Amino acid sequence: MHKLGISVYPDIKPLEEIKEYFKLASNYGCKVVFSSMFSVEGTKEEVLNYFREMNKAVHDYGMQVSLDVNPECMNRLGATPEDISVFHEIKTDILRMDLSYGLEKDLKLLQNPYGILIEFNASIIKPDYLGELIDHGANPDRILVCHNFYPQRYTGMKWQKFLEINKEFKKHGVTVGAFISSNQKETHGVWDAICGLCTVEKHRGLPIDLQLRELLATGNVDTVLIGNAYASEEEFMSMQEVGKPVEINFDNPIAKIIGLDKLDDKGNARQKKIKVILDEGISDIEKDVLFNFVPHCDVGDSSEWIWRSRMPRFVYKDKTIPIRKNDLPVFKRGSVVMVNDAYKHYAAEVQIVLKDIVNDGTRNVVGYLDSQEIEMLELIQDFDIVVFLEHK
């Protein structure tokens with residue numbers, strides 16, 4: 001199961017205000033709080049006292065603390081790779097190392113006696129380095145990686161690079177984290193960030209739930225943190241909706257075809273969720289098929305032209321899918337269509353158009369994917385469970 005988290009900036013906002021944000025985030029299922037220690041000024045005692053109080057507040061709301069440090073910050077606080085007791089004293093759960101110390105010292109960090117997890121900078125460190133650490137005795141359960149966020153517009157990571165490197169990280173069995181952005185006005189973050197704080201550039205400005213759905217749909221991101229603050233309650237609600245599991249009847253033949261490899265560690269079926277703009281003429285029965293049939297899934301033998309959920313035709317075989325006239329000569333990529341009673345044997349099949357197809361009268365348009373949502377199609381693989389949500 002994925003984890004959601006937030007980022008806070010004690011050098012910018014007062015702690016009492018930040019505590020209210022903890023309350024809001026925890027109410028919507030957030031489990032991790034990220035903050036940077038090296039951006040906070042003050043004496044060693046002042047910095048430690050501040051984070052001691054902040055960490056207590058985080059734990060009071062049932063969340064973990066991840067503190068971003070670098071060698072200079074470690075030195076300022078009297079810590080070394082061999083001795084991170086100072087972070088244990090303030091009850092830190094995760095140390096996120098902005099820079100690596102190198103193999104020997106990183107091994108010492110990972111072997112700390114306090115159970116503090118060590119998180120490496122996934123945007124800089126090479127996946128093979130994790131293999132070296134593990135080969136030299138590091139416990140992979142103690143290793144995390146988390147990408148950077150990027151305040152400047154047009155400087156975030158390439159999407160394909162992000163996909164490739166995460167795939168390599170996951171080969172080592174480690175937890176991978178990344179950042180998304182709130183789109184609220186007047187958010188704040190490091191270095192006067194005003195354009196959001198996401199990891200991947202293409203996510204900047206997208207609806208926060210779509211950013212989350214895309215990261216989770218890759219299958220290789222475990223922890224998703226909101227980089228800027230403060231996200232709105234509406235945004236938290238939309239992210240919570242993404243995380244709600246849709247109950248699967250595992251006696252369903254399609255569920256058996258999908259197989260146990262589509263289950264997470266708690267036995268829940270992993271799902272990729274797509275928002276659909278409904279066609280004005282959609283009927284109640286078409287809505288029922290689209291939103292209430294579970295699970296929608298392409299079993300792997302469809303063409304390049306359509307993604308195909310065929311099982312609804314068996315469940316709804318005694319129902320009428322009315323023929324609705326549509327004068328469009330072709331259905332464009334991103335159209336969501338349903339086979340109607342003009343082809344009764346297949347009526348109620350749900351299909352997503354991947355390449356333009358001719359409208360031969362056997363399909364009704366039930367909805368459309370907008371220009372942003374359509375990119376989700378690249379992340380849906382054969383046998384993936386798809387859940388449709390209404391785009392409001």
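Of note:
- Each listed q (0.20, 0.22, 0.23 Å⁻¹) maps to a log10 I(q)/I(0) for segment 36-166 from the Debye sum over equal C-alpha point scatterers, namely -1.22, -1.36, -1.42.
- Along each principal axis, Cα extent of segment 253-390, largest first, Å: 47, 35, 26
- Relative contact order (%) - the chain, alpha-carbon pairs under 8 angstrom, separation at least six: 13
- The aspartates and glutamates whose alpha-carbon is closer than 20 Å to the alpha-carbon of LYS44, local same-chain residues fewer than 8 away aside, are ASP11, GLU53, ASP68, GLU72, GLU82, ASP83, GLU89, ASP93, ASP98.
- If you wrap the tightest convex hull around every Cα atom of segment 3-243 and split its volume per residue, you get 110 Å³.
- Under the Debye formula (equal points on every Cα, no solvent term), log10 I(q)/I(0) of segment 100-151 at q = 0.28 Å⁻¹: -1.20
- For the pair segment 137-216 / segment 336-392, the C-alpha centres are spaced 30 Å from each other.
- Counting neighbouring beta carbons within 10 Å and listing from fewest to most, the residues PHE149, PHE38 come out as PHE38, PHE149.
- Too-long pairs where the Cα-Cα distance tops 30 Å, listed order kept, from LYS31/LYS126; LYS13/LYS272; LYS108/LYS273; LYS105/LYS167: LYS13/LYS272; LYS108/LYS273
- Within the straight-line cut-off of under 19 Å between alpha carbons, the aspartates and glutamates reachable from LYS325 are ASP279, GLU280, ASP284, GLU286, ASP341, GLU349, ASP356, ASP360, sequence neighbours fewer than 8 places apart in one chain being disregarded.
Values quoted throughout were computed directly from the atomic coordinates according to the rules given, and no laboratory measurement underlies them. These numbers were taken from a predicted model, which means no experiment stands behind them. Don't worry about glycine lacking a Cβ; one is built from the backbone with ideal geometry, like all the others, and counts go over all protein chains shown.
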